[in-house]
Amino acid sequence: MRIRATVAAVSGALALSALAVPVSQASNPSFALTRANAAPVISKVVVNSGKPIALGTTATKKVTVSVTASHSSGIEDALSYIWRGRDSNPNLYGFGFHPDGERAKCKAANATTSTCTLTITVDPGYLWNTNATTWRVYAGAWGKDGNFTENDRFSSVRFQRLSRLTVNASPEPVKKGRTITVTGKLDRANWDTRKYAGYASQSVKLQFRKKNSSTYTTVKTVKSSNTGTLKTTVKAVEDGYWRWSFAGTTSTPAVNATGDFVDVK
């Protein structure tokens, strides 16, 4: 059982063994488990609004986690953290990102059910490319009578290496019927080197939006080179915006380049 306590951490990251605290050492003894009564029930945990956590090479990201739980006495507090480990028990061999504050902000839906919100700062400086995968989500909740429940694997969340995409269409302006060359580059964060690197052999769509339209239409699909570069040619037909669009992979999020306007004379 874990008891809520202040835990030393660096930028939100810590060895998970630090989260196991004996009852006698808890910062608030009123949170000790009262075995005579039923434990709270956790019904939902939402991490980062249900989206994968995409990180670049240096910037930290604040991730919101909400824990919804119920108990006959009401909900006093909740805890959640994101972890990975080589052992099924995270207290033996694991690593994770812990909430920034000591207590969650709980909002009651009624006398028995509350949703408690925490913020976790995720730092890519602690990550390697192999961490772009599914992480486990721990959840715990305390009733107002001191009863406690926890689940090491309540849900999961995927970490992704942030992607970038550029585009350049030329010449500008161009005569109608002439050839336009569209170039660009798809790259993504490399957590091993702390730099961005080209994402090779990926299918990327070339899309066009007419000047007075809000909708892009796919014209063709091109594979990125071994350095992530993109290049193709099209005929100039009318004024509009050209962009590259990448659908994403399990390890890398989708991304669209900002449209490049070409004036067709």
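Quick notes on this structure:
- Options S73, S66: the member that is at pLDDT 95 or above and part of a strand (DSSP E or B): S66
- Count of residues meeting criterion [surrounded by 12 or more Cβ atoms within 10 Å (Cβ to Cβ), among the small types (G, A, S) and not in a strand (DSSP E or B)] in the stretch 208-246: 4
- Test: residue in the stretch 136-155 that is open to solvent by 50 Å² or more (accessible area, probe 1.4 Å), of a type in the set (S, T, Y) and either within 30 Å of W244 (Cβ to Cβ) or modelled with pLDDT of 95 or more (or both): no
- Some residue of the stretch 95-112 being part of a loop (DSSP other than H, G, I, E, B), under 19 Å from the mean Cα position of the chain (by Cα) and surrounded by fewer than 22 Cβ atoms within 10 Å (Cβ to Cβ): yes
- Selection from the stretch 166-207 of residues that are in a strand (DSSP E or B), over 18 Å from V262 (Cβ atoms) and open to solvent by 20 Å² or more (accessible area, probe 1.4 Å): K185, R188, N190, K195, Y196, A197, G198, S203
The values are calculated or read from the model by the stated rules, or taken from the named source; none is laboratory data. Model, not experiment: these values are computed from the prediction. Cβ atoms come from the backbone with ideal geometry, glycine included; neighbour counts cover every protein chain shown. Keep in mind that these areas ignore ligands, DNA and RNA; they rest on the heavy atoms of the full protein, side chains included. Shrake-Rupley method; radii C 1.70, N 1.55, O 1.52, S 1.80 Å.
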